[in-house]
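Worksheet for the structure shown next.
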Amino acid sequence: MRTPTRARNALLAPFALITAGTLFLTACGSGTDDAVNAAAKSDEIPTTDVVSAIQKDPAAAKLLPSGTRTLTLAVSISGQPPGTSILDDGKTLAGQDVDFANAVAKVLGITLKTQQAGFEAILPALDSGKYDLGVGNFGVTDERRKTIDFVTYINDGQGFATREDSKLNKVTDLKQLCGLNVATGAGTTFEATLEENKHVCTDAGEKAYQVQTYSEQGAIWSSLQQGRSDVVMSTINGLRYAVAHQEGVKFLNEFHRLDVGFAFKKGTALAPAFQAAVNKLLADGTYTDILKKWGTTGSAIQKSEISPPEHKDT
């Protein structure tokens, strides 16, 4: 099934024609294998069914709190693979996060009541009880772990992209961004990383880079195209996909790895069951099938963990 006409045209248009309507990933992928490139070159959202044949696992289901039958899931819509998109029927959600959520639900024998929500709104709403869990490529950071519990299902990362005429070829130190305008998504790990490290420029006696945040993610690329921004910081898999579908831009490099997980209210009793379910998917091969579908096999994990410490490598 093809993407909605508006989204597909935006993704395949030359970079000079990109408008604020262009859709883009908003959270926090890695992987350099051919699968990523193959998926990126397709203008279709993958719809292969990798979930319906999954059987309930009694051992994992037993770990659920007594009486758990239905959970409310908040999903952040990104509009671009491997993030969550809406198919042509205007209601069906498709994306890597959705596949993982539905696969875990099958293993646990529960029903998910799925609701669309803004990326910035999901984590705060977990504490209020509005949602039982959230997905949106949420990177596991030490700061987020103070208020959120995570169950990991993929290893992702932060990366950079820019215009083809830029002199930048790789960003290994944020000091390389001094004096530049950096566009990123509001409320993301990218914004946090950039804001926390602006001092590296002033410490070195240079002009600090400016962090430009956008809630409408198409505005990120519009800003770059119009010269208001010099660099984009976002997910690695998302950047690779976007660059593969746009002329005039280039992917720079992976900057920092982050585990990604299901997000829950701090202290949730659901985490052990979800961890067991992800590990069941790893063991029976379904996990690999999901990654192959979305071209993200380079982002695989070996086992699921509950709120692991943030990776500090860069």
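The values are calculated or read from the model by the stated rules, or taken from the named source; none is laboratory data. Owing to the predicted nature of the structure, the values given are computational and were not obtained by experimental measurement. No Cβ is skipped: glycine too gets one built from the backbone with ideal geometry, and neighbour counts run over all protein chains shown.
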Take the residues of the stretch 81-100 that are of a type outside the set (A, V, I, L, M, F, W, C) and surrounded by fewer than 17 Cβ atoms within 10 Å (Cβ to Cβ): which is nearest to the chain's Cα centre (by Cα)?
92
Residues within the stretch 173-194 that are modelled with pLDDT of 95 or more and within 20 Å of residue 139 (Cα to Cα), tallied:
4
Some residue of the stretch 205-224 being touching a Lys or Arg at 6+ places or on another chain (Cβ under 9 Å), closer than 18 Å to residue 168 by Cα and at pLDDT below 95
yes
Of the conditions (1) part of a loop (DSSP other than H, G, I, E, B); (2) modelled with pLDDT of 95 or more; (3) over 20 Å from residue 281 (Cα atoms), residue 115 fails just one. Which one is it?
(1)
Identify, from the list 74, 103, the residue that is outside any strand (DSSP E or B), at pLDDT 95 or above and within 20 Å of the chain's Cα centre (by Cα).
103
Single residue of the stretch 251-303 satisfying the filter (closer than 24 Å to residue 238 by Cα and among the basic types (Lys, Arg)) that is surrounded by the most Cβ atoms within 10 Å (Cβ to Cβ)
293
Residue satisfying all of: in the stretch 227-246; surrounded by fewer than 20 Cβ atoms within 10 Å (Cβ to Cβ) and modelled with pLDDT of 90 or more; nearest to residue 192 (Cα to Cα) among these:
228
Any chance the stretch 138-146 includes a residue that's out of contact with any Gly (no Cβ under 9 Å at 6 or more places or on another chain) and crowded, with 24+ Cβ neighbours inside 10 Å?
no
Output the number of residues of the stretch 154-179 satisfying the condition of being touching a strand residue (DSSP E or B) at 6+ places or on another chain (Cβ under 6 Å) and not charged (D, E, K, R).
10
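Conditions tested, residue by residue: (1) over 13 Å from the mean Cα position of the chain (by Cα); (2) within 28 Å of residue 150 (Cβ to Cβ).
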position	(1), (2)
215	yes, yes
232	yes, yes
244	yes, no
249	yes, no
259	no, yes
Output for the stretch 134-166, where each listed residue is over 18 Å from residue 311 (Cβ atoms) and of a type in the set (A, V, I, L, M, F, W, C)
135, 161
The conditions are (1) surrounded by fewer than 22 Cβ atoms within 10 Å (Cβ to Cβ); (2) modelled with pLDDT of 95 or more; (3) more than 23 Å from the chain's Cα centre (by Cα), and residue 167 fails exactly one of them. Which is it?
(2)
Looking at this structure, is residue 131 hydroxyl-bearing (Ser, Thr, Tyr), modelled with pLDDT of 95 or more and touching a Gly at 6+ places or on another chain (Cβ under 8 Å)?
no
Would it be correct to say that residue 91 is farther than 19 Å from residue 263 by Cα and either out of contact with any Gly (no Cβ under 9 Å at 6 or more places or on another chain) or assigned to a helix (DSSP H, G or I) (or both)?
yes
Is it fair to say residue 89 is acidic (Asp, Glu), closer than 25 Å to residue 129 by Cβ and out of contact with any Lys or Arg (no Cβ under 7 Å at 6 or more places or on another chain)?
no
